[in-house]
Every structure is written in C-alpha cells, then in structure tokens.
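The structure appears right after this line, and notes come after that.
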Amino acid sequence: MRRSLARSIIALACAPLLALGAFSAAHAQDTKEPHAHGDKEIQADVQRHRAMAAAHEAAAKCLEAGKGHDQCVKDLQAACKGLAIGKYCGMKHQH
C-alpha cells in the first residue's frame, strides 16, 4: 500500500514537468526562426561581428598600453559608431 501511494505521489509530482516538456517541444517545432537570413544577410552579420571583434581587440590593446580606461572606451565608441547597439559596442562587463 505504501509503495503504491509513494508511486502515485511521485507520478503526480512529475506530471506537470512532463506536460511542460511536451508543450515546449511542440512549441519549438511550430515556431520558425523569426529573423531568418539569406546568404547576403549572413555575410553582412559575419562582417559586423568581425568588425566588433576588431574594435574590442583594439580596446584591449589600448588598455594594455596603459592609455587609460576613459580614452580606450572613447576609442571603442568611435570604432563602433553605427556598428553595434549601445555605448560599449554590444558588450558590457563588470569592473
């Protein structure tokens, strides 16, 4: 009796999780990528990512050279103008 009660309780506890998993899987199959890109758009994204990476690498080298945080952020902002969203070229981290 106790085993069957314990199994019933476990089954009832797991049922919502299983239902949620099934719903999530069904929803994932129904939705398509909202921003599907063609080859041209993908290549443009690749170039933007490379330009952002180059700007961040230059900012890292600026800091290594001891030019100071404010100057390096200013240079980063100039390099990323029109390229990325936000003040930190698409990346902000803790200090």
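The values are calculated or read from the model by the stated rules, or taken from the named source; none is laboratory data. Not measured: the values here are computed from a predicted model. No Cβ is skipped: glycine too gets one built from the backbone with ideal geometry, and neighbour counts run over all protein chains shown. To get the accessible areas, we keep the full protein, side chains included, count just its heavy atoms, and leave off ligands, DNA and RNA. Shrake-Rupley method; radii C 1.70, N 1.55, O 1.52, S 1.80 Å.
Observations
- When nucleic acids and ligands are ignored and a 1.4 Å probe is applied, residue 70 ends up with an accessible area of around 130 Å².
- Stretching the chain fully between residue 73 and residue 39 yields a gain of 8.9 nm (0.36 nm per residue, less the alpha carbon separation).
- Relative contact order [Cα under 8 Å, 6+ residues apart], the range 51-95, whole percent: 37 percent
- Where trypsin sites (Lys or Arg not before Pro) fall in DSSP loop in the range 34-89, at most 11 other Cβ within 10 Å: 81, 87
- Among 88, 44, 76 the positive-end extreme of the charge dipole of the range 43-90 (Cβ point charges): 44
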